[in-house]
Amino acid sequence: MLDSNTIQTFDRNRRRFYRGYVFSFGLFCIVCIVRAICKSFGPLPSWLDSTLFVSLMATVILQLYFLIMLSQMKKKAMHDPALKEVLADELTQYHQMKAWKYAFLSTIGCLFLITIVSIFVPIHETITIVTPAFLTGAGAYHFSFWWMEKE
Amino acid sequence: MAGIELKNTIHVHRAMKEWTQEELARRVGVTRKTINTIENNVFVPSTILALKIAKAFDARVEDIFQLSNHGKNK
């Protein structure tokens, strides 16, 4: 049986990696928005385009790093019942349920906003609707879950 | 149900056993934060978890958890 310190350290690390993932996801969204705004003014100078592209890739690599770390923790927990219980903790499950609710509401809100905007500005591409709705939903889920889970 | 709150005596039982929140969390298989939120009436546990907590203290579930009519005559 694991001692409580090991379990608490495992739980703390899980929160730390999740926080890292949420912040890198937030950075990714910010860079995406900045890139879209800059591109809407016309063709970008090559130095700005490459700077934004490199920043975007850096946030993607960061996200992947934190996702790999989280999945490794999950794998480790699969072999230990005490650690497995930490991941399937009742409060965590309750927070996940609430985070899904926030994600759903944010996606609906985003789609409603796009509908209002489309009255004044014609939207021709589906990706213009799908991308912000997806990013809003995913962002709301991760941010609210991290917020509820933080100490 | 409006006005009804779930009170608990986890703090008292922990003190009697000289257990920390971490120790209780380990015994019932949850995180320390879960025990902390239950103890402070922030989170209402499921029946399974309430029974596990009672079993850990070797007490009846109604000794640990009680309903209280908040703001009404008790």
message: Could you identify which residue out of A:L111, A:L70, A:L48 has the top mean-square fluctuation in a GNM of chain A using Cα springs shorter than 10 Å?
response: A:L48
Between the range A:33-47 and the range A:89-149, the Cα center-to-center distance that results, in Å: 25
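Quote the total accessible area buried by chains B and A together, excluding ligands, DNA and RNA, probe 1.4 Å, nearest 100 Å².
When B and A are taken together, about 1400 Å² of accessible area is lost.
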field: Loop GluC sites (Glu not before Pro), the range A:83-127 (other Cβ atoms within 10 Å of the site Cβ: 15 or fewer; DSSP)
entry: A:E125
query: Is the range A:22-66 rounded, prolate or oblate when judged by the Cα gyration tensor, a ≥ b ≥ c being the square roots of its eigenvalues, rounded requiring a/c under 1.5 and prolate requiring a/b larger than b/c?
result: oblate
- request: Keeping all protein chains in position, work out how much accessible area A:K39 exposes to a 1.4 Å probe, and write it in Å² to the nearest 10.
  value: 100
- line: For the range B:12-32 the residues that are at least 40 Å² less accessible with all protein chains than alone, 1.4 Å probe, are B:E22, B:R26, B:G29, B:T31, B:R32
- line: Given a 1.4 Å probe, the accessible area of the protein assembly as shown per residue, as a whole number of Å², is 64
field: Percent carbon-and-sulfur accessible area, chain B, ignoring ligands, DNA and RNA, probe 1.4 Å
entry: 52
field: Pairs of lysines in chain A (C-alpha under 21 Å apart; 8 or more residues apart or interchain)
entry: 7
task: Could you tell me how many degrees, from 0 to 90 and to the nearest 10, lie between the Cα long axis of helix A:90-120 and the main elongation axis, the longest principal axis, of the Cα atoms of chain A?
output: 0
query: For the range B:15-74, what number of Lys pairs, 8 or more residues apart or on separate chains, have alpha-carbon atoms under 27 Å from each other?
result: 5
query: What figure in square angstrom, to the nearest 10, would you give for the accessible area of B:D58 with a 1.4 Å probe?
result: 140
field: Angle in degrees between helix A:46-78 and the longest Cα principal axis of chain A, rounded to the nearest 10
entry: 20
- request: Sequence neighbours fewer than 8 away in the same chain don't count; with that in mind, list the aspartates and glutamates whose C-alpha is under 16 Å from B:K7.
  value: B:E39, B:E62, B:D63
- request: Quick one: grab the alpha carbon gyration tensor of chain A, order the square roots of its eigenvalues as a ≥ b ≥ c, and give me rounded if a/c is under 1.5, else prolate or oblate depending on whether a/b is larger than b/c.
  value: oblate
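The values are calculated or read from the model by the stated rules, or taken from the named source; none is laboratory data. Every value quoted in this text rests on a predicted model; they were computed, and no experiment measured them. In this analysis, Cβ positions are derived from the backbone assuming ideal geometry, glycine residues included, and neighbour counts consider all displayed protein chains. Note: areas computed on protein heavy atoms with side chains; ligands, DNA, RNA excluded. Shrake-Rupley method; radii C 1.70, N 1.55, O 1.52, S 1.80 Å.
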